[in-house]
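As structure tokens, the structure follows; a few thoughts come after it.
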Amino acid sequence: MLRIAALLLLAIPLAAQPIPPSIDTAFHAFRGDAVRAHLKFLASDLLEGRGPGTRGDALATSYIAAQFEAMGLQPAGDGGTYFQKVSLLNIAMDAAKSRAAFTKNGAAVLGPLVYRDQFVGGNQSQQENVSIDSDVVFVGHGVVAPEYRWDDYKGLDTRGKTLVMLVDDPPASAQEPDLFRGRARTYYGRWTYKYEIGAAKGAAAVILIHTDPAAGYGWQVVRNSWGGEQAYVKLQPGQPGLQFAGWITEAIAKQLFQTAGLDLDKLTQAAASRDFKPVPLNVRFNANVASTIRPFDTANVVAKLEGSDPVLKDEGVVYSAHHDHLGIGPADPSDPNDTIYNGAIDNASGVATLLEIARVWSTNPVPHKRTLYFAAVAAEEQGLLGSQFLGQHPPIPAGKIAMGLNFDALDLFGPVGSVTMIGIDHTTFFPTAKKVTDALGLTIVPDQAPEQGSYYRSDHFSLAKAGIPAFSVKQGLDVRGKPESWGREHVAEYRTKHYHQASDEYDPSWDFSSAVQIGQLAYWLGAEAANAAEKPMWLPGEEFYDVTARARR
């Protein structure tokens, strides 16, 4: 039987630099059927969607640790184990005991709102019961960005108020085409930033207005992602937390603004200007939020393969993927009996590929001076919490980690001619990465959906914030042997019909040569980073240059 890896190597252009013999040997060890087997188990109903802190979560972490141990990798977790404990709180809004409405002069003008259909959210102050009765203010995009001379608050006293805001960056214009990086979403456009700044400003609540273009996904994703338990790191004494952090549909938002005698579309246009000032809606947000709070432990699963250099083995390269998904949630509209969110693509695909990379490294290692770390991280779907903890408590100091390579929601639709590694072109490692991809007949393409802020939505971002140059490795959309638009249509269908839905299940028709191709690429990139004379670095002036420079001092 022809090996999948061998088939992929046939596509290498004759003019490309030859693949080193040791790398070539490792490439031929990659097995698509091994990736398939891991994915089928991790995405099976037995694991109940791998919700953080659940039985399925424990099964997943135990399975991953057992695989690392069977490979002969050394533990790199707590106390000589493969597990790095991450203590969190699961908080779920009790919809039957909660109520939310917009009021004026003590009477409801909109609501009570219908949970999941019109709004979702929860209490981030980590109290079981809170009552909110606060003035509602529209703050545009809710952004304070001194480097862009942008402040949507203009001195507004936000303490105790409910802030309603848009989910994206302020848009660029013909006069400033690079404002907030043009089409590319920055961290200012992410929902996580909106809640963080609202909490920091002492607001009682932050309510985000959902639209498909601004969020990058439909309401069903918000509904499913926020309609159950949410995991949080326990607040420290004095640390602020929103009493309500949530979303409303675009239709409800328009009704809210109409109730206030305002036009949402016109105010959205006004919010595109630096001159925008907060607009009071002259209504109040009145809510009782009852929550069930469940403290629990989950774990990052971390293993290592020690480097060979007596000095550089104290440094490292990290491979990562998140092992969690959404657990059990609302029934899928297409199948009322299906309540398990299996997370096959998101992200059993990434963990299965990580395990195969680890296996190949354990059995076919090329010389690597730096130590290799393999981390299956927890609670990504709850806001990158596991990787945040790993970044704050790395197995070696963050400044000694040369690079991170992450895998999240790989497309299993066959070999491609291009890959994305968003941000890698802003580092000193880019020429090396291009050498590798050229040899593999691959083109490095820019972010193919920059408006979705992909760099800030997966676990590599947590590592970058800790001072580690880190990237997610993902296929491009030009699938070999398929029409030009096929890959784009395939991804669009996944995002519409399966992303964060119960239908994200294993499909026997999937082509696991995709995972082999990404695994081979990541293997070689990791080898180059592990043996580089100098650790890769962001280019001066890039977003994470200063934090990485500080970590390496």
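The values are calculated or read from the model by the stated rules, or taken from the named source; none is laboratory data. Since we're looking at a predicted model, the values are computed, not measured. Neighbour counts run over all protein chains shown; Cβ positions are idealised from the backbone, glycine included.
Please work out which residue is nearest to F374 (Cα to Cα), limiting yourself to region 40-79 and to residues that are out of contact with any strand residue (DSSP E or B) (no Cβ under 7 Å at 6 or more places or on another chain), buried (at least 17 other Cβ atoms within 10 Å of the Cβ) and among the aliphatic types (A, V, I, L, M).
M71
Has region 528-535 got any residue that is free of Cβ contacts under 8 Å to residues at least 60 places away in the same chain and under 26 Å from G404 (Cβ atoms)? Outline the logic, then answer.
Within region 528-535, the subset free of Cβ contacts under 8 Å to residues at least 60 places away in the same chain is 533.
Going one step further and asking which of them are under 26 Å from G404 (Cβ atoms), we end up with 533.
Within region 528-535 (the criterion being free of Cβ contacts under 8 Å to residues at least 60 places away in the same chain and under 26 Å from G404 (Cβ atoms)), the answer is yes, since at least one residue qualifies.
Taking the condition under 14 Å from the mean Cα position of the chain (by Cα) and on the phi > 0 side of the Ramachandran plot, does L384 pass? Please lay out each step first, then the result.
Details: under 14 Å from the mean Cα position of the chain (by Cα): yes; on the phi > 0 side of the Ramachandran plot: yes.
The answer is yes for L384.
As an exercise: evaluate Q127 against (1) outside any loop (DSSP other than H, G, I, E, B); (2) surrounded by fewer than 17 Cβ atoms within 10 Å (Cβ to Cβ) and give the number of the one condition it does not meet.
Failing condition for Q127: (1).
With in a helix (DSSP H, G or I) and surrounded by fewer than 21 Cβ atoms within 10 Å (Cβ to Cβ) as the only criterion, which of A37, A92 stands out?
Checking each option against the conditions leaves just A37.
If only one of Q74, Q67 is on the phi < 0 side of the Ramachandran plot, in contact with a helix residue (DSSP H, G or I) (Cβ under 6 Å, 6 or more places away or on another chain) and not hydroxyl-bearing (S, T, Y), which one is it?
Numbers: Q74 fails: in contact with a helix residue (DSSP H, G or I) (Cβ under 6 Å, 6 or more places away or on another chain).
One residue alone meets the criteria, Q67.
Between residues in region 406-422 that are of a type in the set (D, E) and residues that are in a loop (DSSP other than H, G, I, E, B) and surrounded by 22 or more Cβ atoms within 10 Å (Cβ to Cβ), which pairs lie under 9 Å by C-beta distance while being six or more apart or on different chains?
Correct list of pairs: D408/E380; D408/S458; D408/D459; D411/L477.
Among the listed residues H368, H325, H393, identify the single one that is over 19 Å from Y455 (Cβ atoms), in contact (Cβ under 8 Å) with a residue 12 or more places away in the chain, surrounded by fewer than 24 Cβ atoms within 10 Å (Cβ to Cβ) and under 22 Å from the mean Cα position of the chain (by Cα).
Details: H368 fails: under 22 Å from the mean Cα position of the chain (by Cα); H325 fails: surrounded by fewer than 24 Cβ atoms within 10 Å (Cβ to Cβ).
Matching residue, one of H368, H325, H393: H393.
Among all residue pairs at least 6 apart or on different chains, which show Cβ distances below 7 Å where the first residue, located in region 100-114, is more than 25 Å from S291 (Cα to Cα) and the second is part of a loop (DSSP other than H, G, I, E, B)?
Hits for this filter: zero, empty list.
Before we move on, is G142 modelled with pLDDT of 90 or more, among the small types (G, A, S) and under 19 Å from the mean Cα position of the chain (by Cα)? Show your work before the answer.
Details: modelled with pLDDT of 90 or more: yes; among the small types (G, A, S): yes; under 19 Å from the mean Cα position of the chain (by Cα): no.
No; evaluated as a whole, the condition is false for this residue.
Could you tell me whether R190 is more than 23 Å from D117 (Cα to Cα) and within 20 Å of the chain's Cα centre (by Cα)?
Details: more than 23 Å from D117 (Cα to Cα): no; within 20 Å of the chain's Cα centre (by Cα): yes.
In short, no.
Residues checked against (1) of a type in the set (S, T, N, Q); (2) closer than 23 Å to K535 by Cβ:
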site: F429; (1), (2): no, yes
site: E451; (1), (2): no, no
site: S454; (1), (2): yes, no
site: S462; (1), (2): yes, yes
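Quick one: how many residues across region 304-335 are over 22 Å from A515 (Cα atoms) and either in a strand (DSSP E or B) or modelled with pLDDT of 95 or more (or both)?
Kept after step one, since they are over 22 Å from A515 (Cα atoms), are these residues of region 304-335: 306-316, 326-335.
So of that shortlist, the ones also either in a strand (DSSP E or B) or modelled with pLDDT of 95 or more (or both) come out as 306-316, 327-328, 332, 335.
Summing the residues that are over 22 Å from A515 (Cα atoms) and either in a strand (DSSP E or B) or modelled with pLDDT of 95 or more (or both) in region 304-335 gives 15.
Would you say A108 is outside the structural domain of E543 (by TED's automatic domain parsing), at pLDDT below 95 and more than 27 Å from the chain's Cα centre (by Cα)?
Numbers: outside the structural domain of E543 (by TED's automatic domain parsing): yes; at pLDDT below 95: yes; more than 27 Å from the chain's Cα centre (by Cα): yes.
Against the criterion (outside the structural domain of E543 (by TED's automatic domain parsing), at pLDDT below 95 and more than 27 Å from the chain's Cα centre (by Cα)), A108 qualifies.
Residues in region 378-393: is at least one closer than 23 Å to V419 by Cα, touching a Gly at 6+ places or on another chain (Cβ under 7 Å) and not hydroxyl-bearing (S, T, Y)?
yes
Looking only at residues in region 416-475 that are farther than 21 Å from Q388 by Cβ and of a type in the set (G, A, S), which one is surrounded by the most Cβ atoms within 10 Å (Cβ to Cβ)?
Checked region 416-475; the qualifying residue surrounded by the most Cβ atoms within 10 Å (Cβ to Cβ) is A433.
Residue-by-condition table, conditions (1) buried (at least 24 other Cβ atoms within 10 Å of the Cβ); (2) within 16 Å of A26 (Cα to Cα):
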{"site": "Y499", "(1), (2)": "no, no"}
{"site": "S503", "(1), (2)": "no, no"}
{"site": "Y506", "(1), (2)": "no, no"}
{"site": "S509", "(1), (2)": "no, no"}
{"site": "A515", "(1), (2)": "yes, yes"}
{"site": "I518", "(1), (2)": "yes, yes"}
{"site": "A522", "(1), (2)": "no, yes"}
{"site": "E528", "(1), (2)": "no, yes"}
{"site": "N531", "(1), (2)": "no, no"}
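For K254, all conditions in the list (1) farther than 30 Å from P536 by Cβ; (2) part of a loop (DSSP other than H, G, I, E, B) hold save one; what is the number of the exception?
Result: K254 passes all but (2).
With the checklist (1) within 30 Å of A34 (Cα to Cα); (2) surrounded by 19 or more Cβ atoms within 10 Å (Cβ to Cβ) in hand, flag the one item L113 doesn't pass.
The one condition L113 does not meet is (1).
Looking only at region 239-257, which residues are of a type in the set (S, T, N, Q) and either free of Cβ contacts under 8 Å to residues at least 24 places away in the same chain or farther than 16 Å from P112 by Cα (or both)?
First, the residues of region 239-257 that are of a type in the set (S, T, N, Q): 239, 243, 249, 255.
If the condition is that a residue be of a type in the set (S, T, N, Q) and either free of Cβ contacts under 8 Å to residues at least 24 places away in the same chain or farther than 16 Å from P112 by Cα (or both), then Q239, Q243 are the ones that fit.
Do you know which of the residues in region 507-553 that are acidic (D, E) and assigned to a loop (DSSP other than H, G, I, E, B) is farthest from the chain's Cα centre (by Cα)? It would help to see each step written out before you state the result.
Step one: list which residues in region 507-553 are acidic (D, E), which gives 507, 511, 528, 534, 542-543, 546.
Subsequent filtering for residues that are assigned to a loop (DSSP other than H, G, I, E, B) retains 507, 534, 542-543.
On the way: D507: 23, E534: 28, E542: 21, E543: 18 Å.
Once the filter is applied, the top-ranked residue is E534.
So that you can scan it fast, the table gives a plain yes or no per residue for (1) at pLDDT 95 or above; (2) touching a strand residue (DSSP E or B) at 6+ places or on another chain (Cβ under 7 Å); (3) in the same structural domain as S462 (by TED's automatic domain parsing):
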{"site": "D151", "(1), (2), (3)": "yes, yes, no"}
{"site": "R159", "(1), (2), (3)": "yes, no, no"}
{"site": "Y187", "(1), (2), (3)": "no, no, no"}
{"site": "P213", "(1), (2), (3)": "no, no, no"}
{"site": "V222", "(1), (2), (3)": "no, yes, no"}
{"site": "G227", "(1), (2), (3)": "no, yes, no"}
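Every residue, every condition in (1) under 27 Å from V377 (Cα atoms); (2) outside the structural domain of Y373 (by TED's automatic domain parsing); (3) among the β-branched types (V, I, T); (4) not in a strand (DSSP E or B), yes or no:
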| residue | (1), (2), (3), (4) |
| --- | --- |
| Y63 | yes, no, no, yes |
| V120 | yes, yes, yes, no |
| I132 | no, yes, yes, no |
| D135 | no, yes, no, no |
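Out of (1) touching a helix residue (DSSP H, G or I) at 6+ places or on another chain (Cβ under 8 Å); (2) at pLDDT 95 or above, what's the single condition that is false for G51?
With (1) touching a helix residue (DSSP H, G or I) at 6+ places or on another chain (Cβ under 8 Å); (2) at pLDDT 95 or above applied to G51, the lone miss is (2).
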